[in-house]
1. Of everything in region 61-103, what is assigned to a helix (DSSP H, G or I) and crowded, with 22+ Cβ neighbours inside 10 Å? Give them in sequence order.
2. Consider residue 434 carefully, then state whether it is open to solvent by 10 Å² or more (accessible area, probe 1.4 Å) and among the aliphatic types (A, V, I, L, M).
3. So in region 297-325, with the set limited to residues that are part of a loop (DSSP other than H, G, I, E, B) and not acidic (Asp, Glu), which one is surrounded by the fewest Cβ atoms within 10 Å (Cβ to Cβ)?
4. So the check is Cβ under 7 Å with 6+ separation or different chains; which pairs have a first residue in region 83-101 that's touching a residue at least 40 places away in the same chain (Cβ under 8 Å) and a second one that's open to solvent by 60 Å² or more (accessible area, probe 1.4 Å) and not in a strand (DSSP E or B)?
5. Taking residue 564, is it closer than 20 Å to residue 200 by Cβ, crowded, with 18+ Cβ neighbours inside 10 Å and under 20 Å from the mean Cα position of the chain (by Cα)?
6. Check 9, 32 and return the single one that is over 21 Å from the mean Cα position of the chain (by Cα), in the same structural domain as residue 59 (by the TED database) and within 22 Å of residue 562 (Cβ to Cβ).
7. Restricting to region 512-528, count the residues that are loosely packed, with under 12 Cβ neighbours inside 10 Å and of a type in the set (S, T, N, Q).
8. Take the residues of region 306-340 that are among the aromatic types (Phe, Trp, Tyr) and out of contact with any strand residue (DSSP E or B) (no Cβ under 8 Å at 6 or more places or on another chain): which is farthest from residue 369 (Cα to Cα)?
Amino acid sequence: MSAINDFLLTHQLRLSTNPCISPDFCLDWPTLAAELAFGSGFAVYPLSEVTTEDGLWSIAENEAGDHAWILLPKSGGRGRLALSGEAVELPDGSIAFPATFEHLLEMKNAIQEFDPDATVFPTATPRLGSSTIGVGARFTTLHWPGVDWAMAQLGIGVTANQNSIPRELVFDVEAMLADRLAKVPFPFIGTDVPEGHQGQSVEGMSHGCVMAKLKTGFHRRKIAWSFNADHQPIGGWYDEREDSLVEGCLLASYITFDLSPELSVTPLPEGAKAQAEYVVSEIDASLVEKVKGRVADAGLNLDPAEFNELLCRVWPSMDKMKIRDEKYRAIREKHFTTEVGCSYLRELSIDELPGLTTAETTAIMLALCEALEMPVNFIAPAFGFQKNMPYPDNGELRTMIERQWEVCRTFGVSIGFHSGSGKSAENYQVMGEVTGGQLEIKTSGRYTYEMGRALSASSDEGDQALWKDWYQFTLDLAVAGAFAESRTEQSMARSFIVESLKTAGVEVSDDLFSSSEGTREVLTSLKADPEWMFWFEYNFLYILAAGGKADKAALGDHSPAGYRQRERFYAISDEGRLKFASNVARYIIFLCKNTGIVAPETCESAEKKLSHYARFDEFLTDIAG
């Protein structure tokens, strides 16, 4: 038994109430195998059926959340040898295999060898590489029903699984168990929080997303979808864990390369002469000429000194990006047997470079990617977006995007809009109009907010108790932050509180921050509401806060105490699940409608249908159609 499975079983952290931590979707095979052989204690999902050369497969699950692949073998198939390792023959002649991560990889090959157009697993189709919505699925099995319903009703695939790795997801469960996860600075809360602050592992999330689509029958619609390993850090101190990051993202069909770690440690030669000499000595002359030629194709004139300075700044990170890209390619070719199984999309995130991104910078970076034979599908320039805030000037936004689009169109690349949540309908319309829908909108934090909206509106007592505790947690952090010694923490907390009061229509008095008791009294007088900014800014920290405590030492806790806190969300009612899934779907529809990537009448029909569900099982039924 693996160390992570032993840890989870020892502490009674089961898949049914704490999914996607282990890479496996079966923690206790002996018990599940006995139940399958006896014929009770489990359910088979009839909509999960999928065919390979070996026969007809389906998914079974017991009450603890352990899963198995069930094969009804056909004549000439491999039977027990269809998958490696353990198996049990059942009374009806079928064969059961535990849903391990190794079996998941084998099933990917078997399914895609039999049907290259199968949509059980994420893929890198041309449409997904030019136009998509990125959905940060922070709540895993609670999240995917809403995403899959939206894709089913709109008739398009999106990036249905997207998370920053290793910031949000655990990149290596062994590192987690050994307490070797790094700390991520969060200046606005005045502390560092361990990586993987949402609790799930990247392999566990990869596994869970596939299982979710099989169990609801979404794969029957043959709608291709993708999985984005977001903000993959390149260089810097991440060099030492590069191979673990590559291995963890094996099932991702879309990689976002984040150059900021290497950029932050790259020294810039002083002066134009030294920079010109660096370019001559470190970069192949023919590559430099290719880049200049492609930039000229985009109608841009380069200042030689500025060109050399940018090359000096980015070349070490681009060189390391090429090495990483080769590793992503090699590990897929090692494990997968089909072209569709090995393919992946690329995005270059350059919004970490200083200032707003110029058209010249975008052109140079795209030309470098081409010259290094790793062309990207998306590029994410910096537009000055703030998280969860509309851009204030649509005319200015249009002008900025038009400059970038002239370059991107020349290179056949779409624009990635990061910090995409919370923009206005008009903002999204501008993005869609300028690019003709050749874009990606990345959203993530929005969906934690949508969970808050769902719980606060639920009539279930358990949901209400969770919501009230969650709200109180953010209020406590806001008050503590408003009187913290750190000026950054204090300033940010006070701005969140002031904006919340303005939203509530409450006058902000001059003595609001004269004492922590007074500030707390004012905030306590407000109705608990997910619309308040302080709740939005601090809410994600509650998921893995040990004991639900608003204590910095409790945040991002990967001990049993942290995971028992996470378990509260997976125990919400069917009413809460329906409201959350509906909220997720509604926001995806909103994005598709306003960016123009789906026809308005299709979006309106889906919105109308969404409002008629009274039960969660009815909602799930419409995913398969």
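1. If the condition is that a residue be assigned to a helix (DSSP H, G or I) and crowded, with 22+ Cβ neighbours inside 10 Å, then 82, 103 are the ones that fit.
2. Spelling it out, residue 434 is indeed open to solvent by 10 Å² or more (accessible area, probe 1.4 Å) and among the aliphatic types (A, V, I, L, M).
3. 301
4. 98/86
5. No: the conditions fail for residue 564.
6. After applying the criteria, what remains is 9.
7. Final tally of qualifying residues: 4.
8. This residue is 336.
The values are calculated or read from the model by the stated rules, or taken from the named source; none is laboratory data. The structure displayed is predicted, hence computed values, not measured ones. Please note: Cβ atoms are built from the backbone with ideal geometry, for glycine as well, and neighbour counts cover all protein chains shown. When the accessible area is computed, the model is the full protein with side chains, heavy atoms only, and any ligands, DNA or RNA have been set aside. Shrake-Rupley method; radii C 1.70, N 1.55, O 1.52, S 1.80 Å.
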